[in-house]
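Scroll down for the structure; my scribbles are underneath it.
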Amino acid sequence: MKIRKAVIPAAGFGTRFLPATKAVPKEMLPIIDKPTIQYIVEEAVNAGIEDLLIITSRGKDALINHFDKAFELETILERDGKEEMLSAVRDISYKINVHFIRQQEQKGLGHAVLYAKSFIGREPFAVMLGDDVVVSDKPCIGQLIEQYEQCGASILGVQKVGMEHVSKYGIVDCENAGERLYTLKGMVEKPKKEDAPSDMAVLGRYIITPAIFDCLEKTPKGAGGEIQLTDALVMLAKKEKIYAYDFIGKRYDIGSKQGFLQATVDFALSRPDLKDDFSAYLKNITQKI
Ligand code: UTP
C-alpha cells in the first residue's frame, strides 16, 4: 500500500529552548529565515506525501497560522510585484494538505501519535519529528518509503550516534538484513551507555503500520512517566517484523542548542546569498578564538 500520509508530533513544551518557547512554538524557531517545521513539511512534500497531520497543543496556534493563507500580506506583496517573497509565503500551503489536531495533555510522544488514529485509518504512514532535520539528496522519509515498498513492514530511520550519546535516544538492537537494512530485535529508550545494545539511534523518521495504534492503546507509562512510542514499537515487533534503515544524509539534532547552532551555520554556508559574507565573518572570528 502506498504511503500517502504523515504525522508530525509537535505538541511538546520545548523546554530546552526556554524562554524562547514560552510564547513561540519550538517548531516556529527559524533556521535563518524558515521555521524548522517548514523544513520537515518540505521533506514530506518532496517524498510525495499528500496529507499531513500536525499534532499541536495549547499555545501553539502560530503553527496553524503559518500554513494558512496570509490574505493581507499576500495582497500587498502581489500589488508591489514582490514575486519571490510571495512564493516564500504561500508555496508550501499549496503543495500539501495540512491538518491539525490538539493533544489535550502532553503525556508523551506515543500518546501524541495515538491522536492520529482516525486520520490514518488502516494504512501505513510516516512519522516525522521536528527535532531532526536531515540534509540529503533524496528526502530521508523518501528513503524509508522506498524501503517500505520493498519489505512492506514498519521501518525506523537510524544512524550511529557514538556510545557517548546513546542516553539521549531510542537505541536499537538489530541484525544485518541487507544493504543499510537491519531486522529489529529490540529497542531501548534512552539507555545508559553500559546498557545500550548498540549505538544505532532512531532519529525522528519512521514508517509504521496501523497495527501500532492497538499497541499504543495498551502501552503503559514508560521512561520519564510518558507514553513512549518506543515501547509501543517494541510491542509491535512481537507481532510483526520491523526493520531499521541506516539512512543517507547529514542529520542535525535541532532540539538541542548545539545542533541548532550547527544547522544555522551550515545552512548559511550553503546559501548563495549569504555564503561569501558569512564565511568571511567566520574566518575572521575563528582567528580570534
Ligand atoms: P521531546 O522529548 O523532544 O520534547 O519530544 P519537547 O517538548 O519537544 O522538547 P524538550 O525536550 O522539552 O526541549 C519529542 C517529540 O515529541 C513531541 C515533541 O513535540 C517532539 O517533536 N511530543 C512530545 C508531543 O507531541 N507530545 C508529547 O506529549 C511529548
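The values are calculated or read from the model by the stated rules, or taken from the named source; none is laboratory data. Since we're looking at a predicted model, the values are computed, not measured. When we count neighbours, we look across all protein chains shown, and the Cβ atoms used for this are built from the backbone with ideal geometry, even at glycine. Each accessible area value is taken on the protein alone, full model and side chains, heavy atoms only, with ligands, DNA and RNA left out. Shrake-Rupley method; radii C 1.70, N 1.55, O 1.52, S 1.80 Å.
Given the conditions (1) open to solvent by less than 20 Å² (accessible area, probe 1.4 Å); (2) modelled with pLDDT under 95; (3) more than 17 Å from residue 200 (Cα to Cα); (4) not hydrophobic (A, V, I, L, M, F, W, C), which single one is not true for residue 124?
(2)
Between residues in segment 264-289 that are more than 20 Å from residue 136 (Cα to Cα) and residues that are assigned to a loop (DSSP other than H, G, I, E, B), which pairs lie under 8 Å by C-beta distance while being six or more apart or on different chains?
Note: pairs meeting the criteria are 274/32.
Just give me the residues in segment 60-108 being part of a helix (DSSP H, G or I), more than 15 Å from residue 38 (Cβ to Cβ) and within 16 Å of the ligand (Cβ to nearest atom), in sequence order.
61
Taking into account only those residues within segment 243-289 that are surrounded by 15 or more Cβ atoms within 10 Å (Cβ to Cβ) and within 16 Å of the ligand (Cβ to nearest atom), which is nearest to residue 147 (Cα to Cα)?
251
Out of everything in segment 1-30 that is assigned to a strand (DSSP E or B) and surrounded by 20 or more Cβ atoms within 10 Å (Cβ to Cβ), what residue ends up being farthest from the ligand (Cβ to nearest atom)? Lay out the reasoning, then the answer.
Of the residues in segment 1-30, the ones assigned to a strand (DSSP E or B) are 5-9, 30.
Add one more test, that the residue is surrounded by 20 or more Cβ atoms within 10 Å (Cβ to Cβ), and what stays is 5-9.
Details: 5: 17, 6: 13, 7: 10, 8: 8, 9: 3 Å.
Applying the filter and picking the extreme gives 5.
So which of 161, 133, 127 is without any contact (Cβ under 8 Å) to a residue 60 or more places away in the chain and within 16 Å of the ligand (Cβ to nearest atom)? Before the answer, list the steps.
Working: 133 fails: without any contact (Cβ under 8 Å) to a residue 60 or more places away in the chain; 127 fails: without any contact (Cβ under 8 Å) to a residue 60 or more places away in the chain.
From the options 161, 133, 127, the qualifying one is 161.
Return only the number of the condition from (1) open to solvent by less than 80 Å² (accessible area, probe 1.4 Å); (2) closer than 17 Å to residue 8 by Cα; (3) free of Cβ contacts under 8 Å to residues at least 12 places away in the same chain that residue 91 does not satisfy.
It is condition (2) that residue 91 fails.
Filtering segment 127-139 down to residues that are of a type in the set (Asp, Glu) and either open to solvent by 20 Å² or more (accessible area, probe 1.4 Å) or touching a His at 6+ places or on another chain (Cβ under 7 Å) (or both), which residue is nearest to residue 211 (Cα to Cα)?
Per the stated criteria, the residue is 131.
List pairs: first residue in segment 217-232 and more than 13 Å from residue 112 (Cα to Cα) and free of Cβ contacts under 8 Å to residues at least 24 places away in the same chain, second residue aliphatic (A, V, I, L, M) and part of a loop (DSSP other than H, G, I, E, B) anywhere in the structure, Cβ distance under 8 angstrom, at least six positions apart or on different chains.
If the second residue must be aliphatic (A, V, I, L, M) and part of a loop (DSSP other than H, G, I, E, B), the pairs left are 220/227.
Considering only residues of segment 203-242 that are in contact with a Lys or Arg (Cβ under 7 Å, 6 or more places away or on another chain) and of a type in the set (Gly, Ala, Ser), which is surrounded by the most Cβ atoms within 10 Å (Cβ to Cβ)?
Filtering first and then ranking leaves 211.
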